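Here is the structure we will look at, set down as structure tokens.
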Amino acid sequence: MSRLLLKRLGASLVTIWAVFTISFFIIRAAPGGPFDADRDPPPDVKRAIEERYDLDAPLWSQYLDQLQDWMMLDPGPSLRQPDHDVASILAAGLPISLTIGGLALLLGTTVGIFLGLIAALRVGGWLDHLIVVIASVGISLPLYLIAGMLVLAVSFGLGWLPPAGWESVPSLIMPVLCLALAPAAQAARLVRSGLIEMSSEEFARTARAKGISPFRVLFRHCLRPALIPLVATLGPMAAALLTGSLVIEQIFAIPGVGMHFIQGALNRDYPLVLGAVLLYTVLLQLMTLLADLMLLSLDPRLRGDAS
Amino acid sequence: MRRFRTTRSPIPTLCICWLLLTLLVALITPILPVASPNTAAPELAWSAPGDGHLLGTDALGRDLFSRILWGSRISLACAAAGAFTALIFGVSWGLLAGGGTARRDNWMMRVVDLLDSVPVVFLVILLASVARGSAWQHAGGGLALFFVVLGIVYWTPMARVVRGETRALARREWAVAATALGTPSSRILWRQILPNLIPTILVTVTLIIPRVLLFEAFLSFLGLGVQAPEVSWGTLARDAFEVLNPVHTAWWMVAFPSIALAVTLLALNILGDALRSDLDPKLRR
């Protein structure tokens, strides 16, 4: 068990290092430096800037320097906001993004499991069909369509909730709802098909033969194994949430990591973008690790393999 | 295919009709009698859908209907190019991994595993940001780079599927017999196994296209994909959100481009699912 964990952690570190290396070279491979975008600065100013940011050092020494800085969590100032360093910008955004993402994941999976359970209980019924249709529509719609319609209807039409911002609890409702839709739809589909598969297993038939009610059979006997596919996709689901948060933070003007990331990408603030990419990678690795641990606790068969 | 037409539900047929219509309209847009997508008419700004402008106009008075048609060209081209890149990369990689020695299979699939654990989307955004404003973009290379990038994101699922099927097929009697008869393994792979993979590949591509389409819209929406004056369904949504406020509720600017995208996505997803369950005997019941 602990050996497995160590191996996984090692793989995560390799992934994070690979992402850092790829990002570093993508940035350096760009024709033109980050300061060329506006106007050509006078040569001596340009040289001063390059010295300031060590851009004139050999590539490998820049790489090693930066690697060390990032490992110390001290990546230095942002290019476009020189008064702030990258670490503090990201640290300010992180709690906000984590709140929205965490709430959305929690809400989405809970509602999804519940809907999947209902659909599986009435397979072939109208409720089942309705849930399946809503789930497949929910998966294939672009996030900004849903967010846009909600803003138009709820904020501008009815005036119930603020259309954007990050001041109060009400301003949190719509972003979380939008972001939770995709996980909910996916969870509902997975749980439904998992439950249907499990209820045709022999243990479920035996339980029904003993006179246990269909709901109890599904809830107490089938739900646990049916959750395995859902937990197994928790990693990709978290990745989708992170990408979704970029759109949501943009639409609702939420000052989270995603907003800084997109701002940085739009005005080529490379240290900031690199920091956000690394942060997202770490988050994703943590989520995948967590999902694997949950999988181990759900499925005893995997534990047998691991030891 | 005959079986496909006799399935009870008319919905997949409707999806095919919609997709063919969209494709046809996108192809012939330049010769259609619609307004030019980039002619600004400030006096007509913010016209609601109706007289003269079927779907209304945007903040500069440009005709939304025409912009959606022109946008469909870029959006569909992105989807096709991205899916094509994913197809070529994924099928070759999967075939080479699945048809090779266990060692080659192992390292090739390790690469796929590594790529799948990397948040490629964020790397793509980084790449887009680097390409922005560089000499590349101005030379028109931006869009070409964008096409390739779209494909790079989505080739791993294709590689996985193809590799799995190849592994299974290579163990069949006819493949073993061909080996015993002295057929070179590359010939078995490309001439005998590949044709057997076509249904699987078809289904996977049908399911990859909507994801590429969505990804293009996502990037363009964030301002990192297709750049003005080019129009795509994603940039149209971006335009709409930039001017979204309670004073000018130009709902049509949000609604129509998104609906065009949503219906197309839905049609592709339904079609992909229908194809999959039709070609998979386990799911056909």
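The values are calculated or read from the model by the stated rules, or taken from the named source; none is laboratory data. All values derive from a computational prediction rather than experimental measurement. Every residue, glycine as well, gets a Cβ built from its backbone with ideal geometry; the counts of neighbours run over all protein chains shown. Quick note on the areas: whole protein, heavy atoms, side chains included, nothing else; ligands and nucleic acids left out. Shrake-Rupley method; radii C 1.70, N 1.55, O 1.52, S 1.80 Å.
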Margin query: When you check A:GLY258 against the structure, is it surrounded by 21 or more Cβ atoms within 10 Å (Cβ to Cβ), on the phi < 0 side of the Ramachandran plot and either part of a helix (DSSP H, G or I) or not acidic (Asp, Glu) (or both), yes or no?
Written below: yes
Next item on the list: State which residue pairs qualify: first residue open to solvent by 10 Å² or more (accessible area, probe 1.4 Å) and inside segment B:222-236, second residue among the hydrophobic types (A, V, I, L, M, F, W, C) and part of a loop (DSSP other than H, G, I, E, B) in any location, beta carbons under 9 Å apart, and separation of 6 or more residues or different chains.
Entry: B:THR235/B:VAL226; B:THR235/B:ALA228
Note to self: From the list A:PRO183, A:PRO229, A:PRO236, exactly one residue is within 14 Å of another protein chain (Cβ to nearest Cβ) and within 23 Å of A:LEU106 (Cα to Cα). Which is it?
What the structure shows: A:PRO236
Note to self: If A:TRP17 satisfies all but one of (1) farther than 23 Å from B:PRO119 by Cβ; (2) open to solvent by 90 Å² or more (accessible area, probe 1.4 Å); (3) modelled with pLDDT of 70 or more, what's the number of the condition it fails?
What the structure shows: (1)
Margin query: Can you report the number of residues in segment A:216-251 which are closer than 14 Å to B:LEU222 by Cβ and either within 12 Å of the chain's Cα centre (by Cα) or open to solvent by less than 40 Å² (accessible area, probe 1.4 Å) (or both)?
Written below: 9
Margin query: Among the listed residues B:ILE193, B:ILE198, B:ILE188, identify the single one that is open to solvent by 80 Å² or more (accessible area, probe 1.4 Å) and either part of a helix (DSSP H, G or I) or in contact with a Lys or Arg (Cβ under 8 Å, 6 or more places away or on another chain) (or both).
Written below: B:ILE198
Notebook entry, point to check: Across segment B:1-31, which residue is modelled with the highest pLDDT among those that are within 22 Å of B:VAL263 (Cα to Cα) and part of a loop (DSSP other than H, G, I, E, B)?
Noted result: B:PRO10
Notebook entry, point to check: Considering only residues of segment A:167-176 that are in contact with a Leu (Cβ under 8 Å, 6 or more places away or on another chain) and touching a residue at least 40 places away in the same chain (Cβ under 8 Å), which is most open to solvent (accessible area, probe 1.4 Å)?
Noted result: A:LEU172
Check: What residue, of A:SER78, A:SER136, is within 12 Å of chain B (Cβ to nearest Cβ), hydroxyl-bearing (Ser, Thr, Tyr) and closer than 28 Å to B:SER220 by Cβ?
Finding: A:SER136
Next item on the list: Scan segment A:184-192 and give yes if some residue there is among the basic types (Lys, Arg), modelled with pLDDT of 85 or more, crowded, with 23+ Cβ neighbours inside 10 Å and touching a helix residue (DSSP H, G or I) at 6+ places or on another chain (Cβ under 9 Å), otherwise no.
Entry: yes
Checklist line | Enumeration of residues in segment B:221-266 that are facing chain A (nearest Cβ under 9 Å) and among the aliphatic types (A, V, I, L, M) | finding: B:LEU222, B:LEU224, B:ALA237, B:ALA240, B:LEU244, B:VAL254, B:ALA255, B:ILE259, B:LEU261, B:ALA262, B:LEU265, B:LEU266
Next item on the list: Give me a count of the residues in segment B:143-185 that are touching a residue at least 24 places away in the same chain (Cβ under 8 Å) and assigned to a helix (DSSP H, G or I).
Entry: 25
Notebook entry, point to check: If a residue has to be within 30 Å of B:TRP252 (Cα to Cα) and either at pLDDT 90 or above or within 11 Å of another protein chain (Cβ to nearest Cβ) (or both) to count, how many in segment A:101-131 make the cut?
Noted result: 3
Check: Taking segment B:75-112, which residues are out of contact with any helix residue (DSSP H, G or I) (no Cβ under 9 Å at 6 or more places or on another chain) and of a type outside the set (Ser, Thr, Tyr)?
Finding: B:ALA102, B:ARG103, B:ARG110
Next item on the list: Report yes if A:VAL151 is assigned to a helix (DSSP H, G or I), within 12 Å of chain B (Cβ to nearest Cβ) and surrounded by 18 or more Cβ atoms within 10 Å (Cβ to Cβ), otherwise no.
Entry: yes
Margin query: When you check B:LEU271 against the structure, is it open to solvent by less than 10 Å² (accessible area, probe 1.4 Å), outside any loop (DSSP other than H, G, I, E, B) and closer than 21 Å to A:ILE139 by Cα, yes or no?
Written below: no
Next item on the list: Please work out if A:LEU241 is in contact with a Gly (Cβ under 6 Å, 6 or more places away or on another chain), within 15 Å of B:VAL120 (Cβ to Cβ) and not hydroxyl-bearing (Ser, Thr, Tyr).
Entry: no
